[in-house]
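First up is the structure itself, then whatever we jot down about it.
The values are calculated or read from the model by the stated rules, or taken from the named source; none is laboratory data. This is a predicted model, so every value here is computed, not measured. Here the Cβ is made from the backbone with ideal geometry for all residues, glycine too, and neighbour counts use every protein chain on show.
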Amino acid sequence: HQSRRKAAILREVLIVANRLPVSVDASTLTSGGLVSALAPVSDAIGSTWVGWLENGPAEPFVVDGQRLVAVHTSREQYARYYEGFANQVLWPVFHGLGEYETHPPVQSEAANWLNAYRKVNRAFAERIAEVASNGALVWVQDYHLLLLPEMLRSLRPDLRVAVFLHIPFPDPAALVTKPWARELVSELGAAQLIGTQRERDARHLGAALHLLSPQSSPVVRAFPISIDTAPILQEANRASSPSTVTSVRERLGVTDRPMLLGVDRIDYTKGIIERIEAFSALLGSWEGSEPLPTLVQVLTPTRETIPAYQGYLARVNVATTEVNRQFGTASYTPIVNINGSYSLPELIELFLATDVMCVTPLRDGMNLVAKEFVASRVDDSGVLLLSSEAGAADELHSALIVDPRSQLELTDGMRRALKMSDEEMRIRMRSLRKHVLGHTVHNWASNFIKAAS
Ligand code: GDG
């Protein structure tokens with residue numbers, strides 16, 4: 001028994017993600033959720049990262065103590081794989097938002113995207129087959145690399161392959177009509193373990209495997225991802241003073257009135273338009289003499305070359321302008337949009353300055369912003385308005401949970417959040433914080449690795 005446990009720990013771990021977590025010149029590691037989640041695990045077990053890097057070194061290399069292996073493929077091919085198949089086909093379909101799938105005007109282009117997806121997955125598989133030690137654990141991240149399990153099984157049957165899917169898995173009914181569904185699901189099914197965010201995703205995936213690949217037998221289980229709480233707590237403790245909050249709100253022009261906040265990539269899955277419409281309905285039905293609230297919306301640029309994203313941003317801007325025209329005055333701007341990326345300390349200042357945090361995606365694997373907001377509220381105040389369609393809703397029961405497609409529920413949720421008593425707010429926030437601080441990304445990573453080993 002003892003020796004089996006030791007063998008499990010000594011297994012080499014390869015973390016595989018679509019691109020390497022390094023700056024463009026490959027001189028420093030970038031600090032993302034996944035990197036900070038896996039860094040301690042990686043330190044303890046000496047894992048290697050595998051990912052695409054344009055003109056990356058031919059040999060394994062080390063940055064900030066992390067061993068890295070670059071996968072090579074041309075930028076054009078990478079674009080057809082990444083912006084094409086992964087983000088214009090898989091992303092909308094997996095989120096149950098097939099209406100946003102880009103249908104390339106030329107049929108051959110669609111076939112090209114799928115072909116590039118196969119070829120890039122193959123380049124990953126071949127590179128991993130070259131560098132992995134005997135019996136290594138290959139931990140594949142996300143929807144970009146779903147063909148890897150079968151490719152690796154045929155190239156290197158000694159490897160263990162585990163996949164974590166960061167985005168939802170769709171109802172099989174929305175999948176089986178796709179010409180690529182059987183190939184994708186059966187090649188994915190060659191993994192030993194597949195982790196999902198929610199139980200519902202695990203059920204959907206189980207059903208899809210049963211339908212499309214009945215001979216495959218991976219373990220399918222939910223492993224809800226989380227955040228690295230330590231740096232957030234440290235920053236929040238620094239920023240959580242009345243004077244910082246006052247100066248943040250002065251800068252935003254939101255003094256003497258309630259504030260709601262949204263922080264999202266400009267993505268149609270995030271429900272930004274629906275939120276603006278619900279906010280407009282809230283203003284339209286405002287009663288009494290209390291000052292009207294302001295919605296501050298951070299809009300983080302993303303996937304800007306994709307037509308569906310360009311169209312969505314344009315609609316967000318039109319909807320915002322309309323609300324501001326209808327309800328704004330010389331001294332009141334109902335919706336304040338902040339375009340462009342914020343630093344983490346700046347985001348935490350916003351989390352601390354708001355009365356209500358709106359996390360209302362139409363569908364979201366987890367949504368880390370919800371957990372980051374909760375971790376930031378070291379003062380035990382503030383209200384989280386949370387979509388039932390975000391994975392976080394399975395854990396954050398003490399949030400105000402609403403159906404993001406119901407304008408009535410959204411508007412009513414905003415109203416209830418703004419009216420909530422201090423006592424109810426504190427009780428809810430304490431319970432949310434207890435959960436988030438007790439379930440960090442470190443727990444997530446070590447649970448997953450244990451299950452996969
Ligand atoms: C995918 C899944 C799942 C955003 N704007 C800024 C900024 N951010 C940071 C947030 C958060 C992260 O980006 C976004 O994470 P989310 O979880 O909210 O959403 P996705 O990007 O769609 O992530 C999602 C996640 O993978 C992990 O599995 O939860 O469901 O879709 O950390 O804080 N950070 C900074 N400036 C910004 O302007 N610094």
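Here are the numbers for this structure:
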read-out	value
Residue count, region 364-383 (criterion: crowded, with 24+ Cβ neighbours inside 10 Å, of a type in the set (A, V, I, L, M, F, W, C) and over 16 Å from the mean Cα position of the chain (by Cα))	3
Of all residues making up region 301-342, the number that are away from the ligand (no atom under 16 Å from the Cβ), in contact (Cβ under 8 Å) with a residue 24 or more places away in the chain and touching a strand residue (DSSP E or B) at 6+ places or on another chain (Cβ under 8 Å)	6
Failed criterion for residue 109 (all others in (1) touching a residue at least 40 places away in the same chain (Cβ under 8 Å); (2) surrounded by fewer than 17 Cβ atoms within 10 Å (Cβ to Cβ); (3) of a type in the set (D, E, K, R) hold)	(1)
Test: residue in region 94-110 that is at pLDDT 95 or above and touching a Ser or Thr at 6+ places or on another chain (Cβ under 7 Å)	yes
So residue 247, is it more than 16 Å from the ligand (Cβ to nearest atom), among the polar types (S, T, N, Q), over 28 Å from residue 201 (Cα atoms) and without any contact (Cβ under 8 Å) to a residue 12 or more places away in the chain	yes
Residue identified as in contact (Cβ under 8 Å) with a residue 12 or more places away in the chain and surrounded by 24 or more Cβ atoms within 10 Å (Cβ to Cβ) among 417, 451, 392	392
Check on residue 378, among the β-branched types (Val, Ile, Thr), more than 16 Å from the ligand (Cβ to nearest atom) and over 24 Å from residue 277 (Cα atoms)	yes
Selected residue [touching a residue at least 24 places away in the same chain (Cβ under 8 Å), outside any strand (DSSP E or B) and under 29 Å from residue 90 (Cβ atoms)] from 404, 345	404
Test: residue in region 420-441 that is at pLDDT below 95 and assigned to a helix (DSSP H, G or I)	yes
In region 297-339, the residues that are exposed (fewer than 14 other Cβ atoms within 10 Å of the Cβ) and acidic (Asp, Glu)	304
Residue identified as touching a residue at least 24 places away in the same chain (Cβ under 8 Å), more than 17 Å from residue 194 (Cβ to Cβ), among the charged types (D, E, K, R) and in contact with a His (Cβ under 9 Å, 6 or more places away or on another chain) among 127, 80, 122	127
Candidate set: region 350-362, residues that are buried (at least 22 other Cβ atoms within 10 Å of the Cβ) and within 13 Å of the ligand (Cβ to nearest atom); chosen: the one nearest to residue 282 (Cα to Cα)	358
All positions within region 191-200 that are surrounded by fewer than 24 Cβ atoms within 10 Å (Cβ to Cβ) and not in a strand (DSSP E or B)	192, 198, 199, 200
Whichever residue in region 159-179 is closer than 26 Å to residue 131 by Cα and not in a loop (DSSP other than H, G, I, E, B) and, among such residues, is farthest from the ligand (Cβ to nearest atom)	160
The listed residue being part of a loop (DSSP other than H, G, I, E, B) and of a type outside the set (S, T, N, Q), out of 58, 79, 70	58
Meets criteria (under 15 Å from residue 94 (Cα atoms), within 16 Å of the ligand (Cβ to nearest atom) and surrounded by fewer than 21 Cβ atoms within 10 Å (Cβ to Cβ)) for residue 182	no
Residue within region 216-234 that is surrounded by fewer than 13 Cβ atoms within 10 Å (Cβ to Cβ), within 30 Å of residue 193 (Cβ to Cβ), away from the ligand (no atom under 15 Å from the Cβ) and not small (Gly, Ala, Ser) present	no
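For (1) basic (Lys, Arg); (2) outside any loop (DSSP other than H, G, I, E, B), each residue gets a yes or a no:
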{"residue": "254", "(1), (2)": "no, no"}
{"residue": "257", "(1), (2)": "yes, no"}
{"residue": "260", "(1), (2)": "no, yes"}
{"residue": "269", "(1), (2)": "no, yes"}
{"residue": "281", "(1), (2)": "no, yes"}
{"residue": "286", "(1), (2)": "no, no"}
{"residue": "289", "(1), (2)": "no, no"}
{"residue": "298", "(1), (2)": "no, yes"}
